[in-house]
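The values are calculated or read from the model by the stated rules, or taken from the named source; none is laboratory data. Treat the numbers as computed from the prediction; the structure is a model and nothing was measured. Cβ sites come from the backbone with ideal geometry, for glycine too, and all protein chains shown count toward neighbours.
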Amino acid sequence: MGYLLSFAEFVRRRYQLIILATVIVGLGVGFLTTAPGKALQPGTQTVTFLMILFISFTIAPRQFMAVARQPVAVLVGLALNFLFMPVLC
């Protein structure tokens, strides 16, 4: 558990740098391959998992409690996400 907390603190302190590095790597892959989607496809699930994991490190436990007390806003946001994201894609 201590390792996970220290890793979470590492991510919190360097969050902007991690995002910037990810964008640079993504642009590099996009420019260096003819089909960037094909090159990234095998790692898409892993990258999505890591994104959600890193985002969860930025949420304090008291914020989870606030959502538990008022889940309507989260459920509306989730429903809107499922309705509009397919249209936008």
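Tally up the residues in the range 67-79 that are surrounded by fewer than 10 Cβ atoms within 10 Å (Cβ to Cβ) and either in contact with a helix residue (DSSP H, G or I) (Cβ under 7 Å, 6 or more places away or on another chain) or among the basic types (Lys, Arg) (or both), please. So the count comes out to 1.
In this structure, does Ile55 turn out to be assigned to a helix (DSSP H, G or I), surrounded by 12 or more Cβ atoms within 10 Å (Cβ to Cβ) and either at pLDDT 80 or above or in contact with a Gly (Cβ under 7 Å, 6 or more places away or on another chain) (or both)? Outline the logic, then answer.
Details: assigned to a helix (DSSP H, G or I): yes; surrounded by 12 or more Cβ atoms within 10 Å (Cβ to Cβ): no; either at pLDDT 80 or above or in contact with a Gly (Cβ under 7 Å, 6 or more places away or on another chain) (or both): yes.
Against the criterion (assigned to a helix (DSSP H, G or I), surrounded by 12 or more Cβ atoms within 10 Å (Cβ to Cβ) and either at pLDDT 80 or above or in contact with a Gly (Cβ under 7 Å, 6 or more places away or on another chain) (or both)), Ile55 does not qualify.
Here Ser6 meets the list (1) of a type in the set (Gly, Ala, Ser); (2) modelled with pLDDT of 80 or more; (3) surrounded by 11 or more Cβ atoms within 10 Å (Cβ to Cβ) almost entirely, failing just condition (3).
Quick grid of which residues meet (1) of a type in the set (A, V, I, L, M, F, W, C); (2) closer than 18 Å to Ser6 by Cα; (3) assigned to a helix (DSSP H, G or I); (4) at pLDDT 85 or above:
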position: Ile18; (1), (2), (3), (4): yes, yes, yes, yes
position: Val23; (1), (2), (3), (4): yes, no, yes, yes
position: Gly28; (1), (2), (3), (4): no, no, yes, yes
position: Thr34; (1), (2), (3), (4): no, no, no, no
position: Ala39; (1), (2), (3), (4): yes, no, yes, no
position: Thr44; (1), (2), (3), (4): no, no, yes, yes
position: Val47; (1), (2), (3), (4): yes, no, yes, yes
position: Leu50; (1), (2), (3), (4): yes, yes, yes, yes
position: Ile59; (1), (2), (3), (4): yes, yes, no, no
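The single residue among Phe82, Phe64 that is farther than 19 Å from Ala8 by Cβ and either outside the structural domain of Leu5 (by TED's automatic domain parsing) or exposed (fewer than 10 other Cβ atoms within 10 Å of the Cβ) (or both) turns out to be Phe82.
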